[in-house]
Amino acid sequence: MKFLSTYLFVFGVSSHIVVVLLLLWQPILISKITTKFSNKYYELQKQRDYEKLTQGKTRTIREEINTTFVPWKAQSHENFNPTLTYVNEQVYSNLTSAVKSLHDGDTLLIAAGTYRKPIVITKNHITIKGNGHVIFEKNAAHNKGFILNQGNNLTVENIECRHISVRDGNGACIRQEGVDLTLNHVYFHDSQEGVLETANVKGKITINDSRFELLGFNGQAHGIYTNKADLYVYQSLFIAAKDQGHAIKVRGSKLYISESIIASLSSDDSRLIDMSSGGELVVLNSILEQGPKSVNGQMIGYALEGFQHDYNKIELKNNLIYLDRIGENELLATPSGSKNGLSIVRNQNTVIGKEQKTEQNDDISFLSRGDMGLPQYPFFSTAFCQRMSNCSLQLENF
């Protein structure tokens, strides 16, 4: 028994000496061990905070979306047979022949159904409409997008597009190579990219009453990505960008958003808005929410790749802003140093959650939904939403 005690004592002392000598010889091990325990503690704390935010209820991202927002519904065209495809008022037997027949200024009305053969548009002033519920899926013209637009002034209405992916990670529902695009009541989802604009000259993209959901890929594809075009968004939804993608990324000189909802929920998105080259950013009367699992602490990134436009202004007014991310939250990230004449106006916004690096503003802040009497996560203020022209929240939940 005495021998065993002596052995254990010697073994214990020797082990400690070996450990100390090893750490002195390789001090980086101390850092690695400390970091490992620190990260473990941080992850446990994040999980506790997430469970507190969600009241311990586990929902998939799809369940969060379905519980929070009303489903998108296709619109019908009462004056046309939904089983037929038309160019202007002439009937075509299939979509391929109808597309081939297009001339400048034509309207293509597509029969209800699911289509897997992509479309290339080369003419100008074309309008594409779904004649009832039209779905584009699982294909891309020239490995770019289901609709590859090489003409100018394209309008797309009442179309659902899903499951678009290509090898380079930029598979889009619409690849915009021409100038000027208008989207009315479209639903783009579960793809690498909703719209990717790569025009050589400046144009304009206008989005009305539309929904972009679960879009993004590998941090390089986003809900919408403009290269040169100015972007105008009205009464639309950008929900749960994924895989470190931004909901909206704009390199053009102007981004204007009104009466819209941009929300992460529990997705692994990056920023809600990334206006990487500066310019004029205006967000009015909208709901913004950065979710608990967003990988980027910055809700809005502005000119973080440098100022490349002559006029630089940020206006955030009368918005309801939820900072739900577990960890630090920076509502508006701008470059340090020279601001290149940047004007920032923050007025009459309601901010819920703790904001880092708060600048002078006229916002009203609350630490939690409970402090303001609002619905718990993942739900939003229906009273605020009902002030919009087209509220898309599930009002019956409240």
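The values are calculated or read from the model by the stated rules, or taken from the named source; none is laboratory data. Everything numeric in this text was worked out from a predicted model, so none of it was measured. For neighbour counting, all protein chains shown are included, and Cβ atoms are generated from backbone atoms with ideal geometry for every residue, glycine included. These accessible areas exclude ligands, DNA and RNA; they are computed on the full protein's heavy atoms, side chains included. Shrake-Rupley method; radii C 1.70, N 1.55, O 1.52, S 1.80 Å.
A few comments on the model shown:
- Using C-alpha pairs below 8 Å separated by at least 6 residues, the relative contact order for the stretch 255-343 is 32 percent.
- 222 nm mean residue ellipticity, helices alone, for the chain (DSSP H n ≥ 4; -39,500 (n - 2.57); rounded to 500): -5500 deg cm²/dmol
- Percent of beta bridges antiparallel (DSSP, the stretch 127-211, rounded to nearest 5): 5
- Taking only protein heavy atoms and a 1.4 Å probe, the accessible area of the chain is 51% carbon and sulfur.
- Taking trypsin sites (Lys or Arg not before Pro) across the stretch 186-226, the ones in a DSSP loop with at most 15 further Cβ atoms lying within 10 angstrom of their Cβ are 202.
- Taking every DSSP bridge with both residues inside the stretch 121-277, close to 5 percent are antiparallel.
- If only the Cβ of Lys and Arg carry +1 and only the Cβ of Asp and Glu carry -1, the dipole of the chain around its Cα centre is close to 1120 debye.
- Label-zone membership for the stretch 332-376, site residue 67, 7 angstrom Cα→C-beta point, backbone N under 15 Å: 375-376
- Once both labels are positioned 7 Å from their Cα atoms along Cα-to-Cβ, the gap between residue 367 and residue 58 label points is 3.0 nm.
- Residue 101/residue 137 FRET efficiency (R0 25 Å; Cβ-Cβ; nearest 0.05): 0.60
- Among 217-226, 59-68, 360-369, sorting by the average number of other beta carbon atoms lying within 10 angstrom of each residue, highest first, gives 217-226, 59-68, 360-369.
- Low-density loop positions, GluC sites (Glu not before Pro), the stretch 294-398 - DSSP coil, at most 16 other Cβ in 10 Å: 305, 328, 359
- Solvent exposure ordering (accessible area, 1.4 Å, most first) of 91, 70, 282: 91, 70, 282
- Each DSSP beta bridge with both residues in the chain is either parallel or antiparallel, and the antiparallel ones are about 5%.
- Of the trypsin sites (Lys or Arg not before Pro) in the stretch 116-183, the ones in a loop by DSSP (not H, G, I, E or B) with at most 12 other beta carbons within 10 Å are 116, 167.
- 1.4 Å probe accessible area per residue over the chain, in Å²: 48
- Dipole magnitude for the stretch 177-270: about 340 debye, using +1 per Lys or Arg Cβ and -1 per Asp or Glu Cβ, origin at the Cα centre.
- Each Lys and Arg adds +1 at its Cβ and each Asp and Glu adds -1 at its Cβ; summed about the Cα centre, the stretch 239-398 shows a dipole of about 140 debye.
- Span-rule helices in the chain, defined as complete DSSP H runs reaching 15 Å or more along the axis (Cα) with Kyte mean at least 1.6: 2-25
- Couplings for the stretch 206-214, taken from phi via the Karplus curve 6.51 cos²θ - 1.76 cosθ + 1.60 with θ = phi - 60°, read 10, 10, 10, 6, 10, 9, 10, 9, 6 Hz in order; Gly and Pro are left as x.
- Here, the stretch 151-269 has an Rg and a Dmax of 12.6, 38 Å when only alpha carbons are counted.
- Given (1) 72, 53, 49; (2) 80, 55, 40; (3) 103, 49, 46, the label whose value is Cα extents along the principal axes in Å derived from this model: (3)
- Relative contact order of the chain, defined on C-alpha pairs under 8 angstrom at six or more residues apart (%): 9
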